[in-house]
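This report concerns only the one structure given below.
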Amino acid sequence: MIEDTVCINGNVCVDNFPFFMIQNQEDFADTLDGVIGMSPPIITNGPSFIGYLYAQGKLAQPIVSFQINLESDDVKSQAQFGYADS
């Protein structure tokens with residue numbers, strides 16, 4: 001396991017985030033620059049990125065919510081960090 005500063009959206013960062021380094025990967029797009037798990041903070045899942053953001057005061061709540069749009073209208077899919085839009 002190694003540690004580094006990990007950011008989402010270029011401006012929300014976790015300092016010294018521990019993660020498992022992948023040395024070889026196949027079948028991902030060439031533009032992929034990382035994969036961060038969004039699992040609950042359970043020891044067998046590894047470090048919780050959301051938990052670290054919350055602990056460092058960068059999220060109001062330790063949650064991530066998703067809106068997935070499979071239709072072709074103007075509503076885009078999105079992820080929201082720190083709150084759920086009701």
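The numbers here are math on the coordinates, done by the rules we state, and not lab data. All values derive from a computational prediction rather than experimental measurement. Using ideal geometry, Cβ is built from the backbone for each residue, glycine included, and neighbour counts are taken over all protein chains shown.
How much net charge surrounds P18 when only other residues with a Cβ under 10 Å from its Cβ are counted (Lys, Arg +1; Asp, Glu -1)?
Values: positive: none; negative: E3, D4.
Every neighbour counted, the sum reads -2.
Can you give the calculated 222 nm mean residue ellipticity of the chain, where each DSSP H run of n ≥ 4 adds -39,500 (n - 2.57) and the sum is split over every residue, rounded to the nearest 500 deg cm²/dmol?
It lands at -2000 deg cm²/dmol.
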Ranked V75, V14, V64, criterion: other C-beta atoms within 10 Å, fewest first: V75, V64, V14
Point-charge dipole on Cβ atoms (K/R +1, D/E -1) for the chain, about Cα centre, debye to 20: 420 debye
Efficiency of FRET between C7 and N45 - r from beta-carbon atoms, R0 25 angstrom, step 0.05: 0.75
Matching label, Cα extents along the principal axes in Å computed from the structure shown, candidates (i) 42, 23, 18; (ii) 30, 24, 19; (iii) 42, 35, 26: (iii)
Relative contact order (percent, whole number), the chain, Cα cutoff 8 Å, 6+ residue spacing: 19 percent
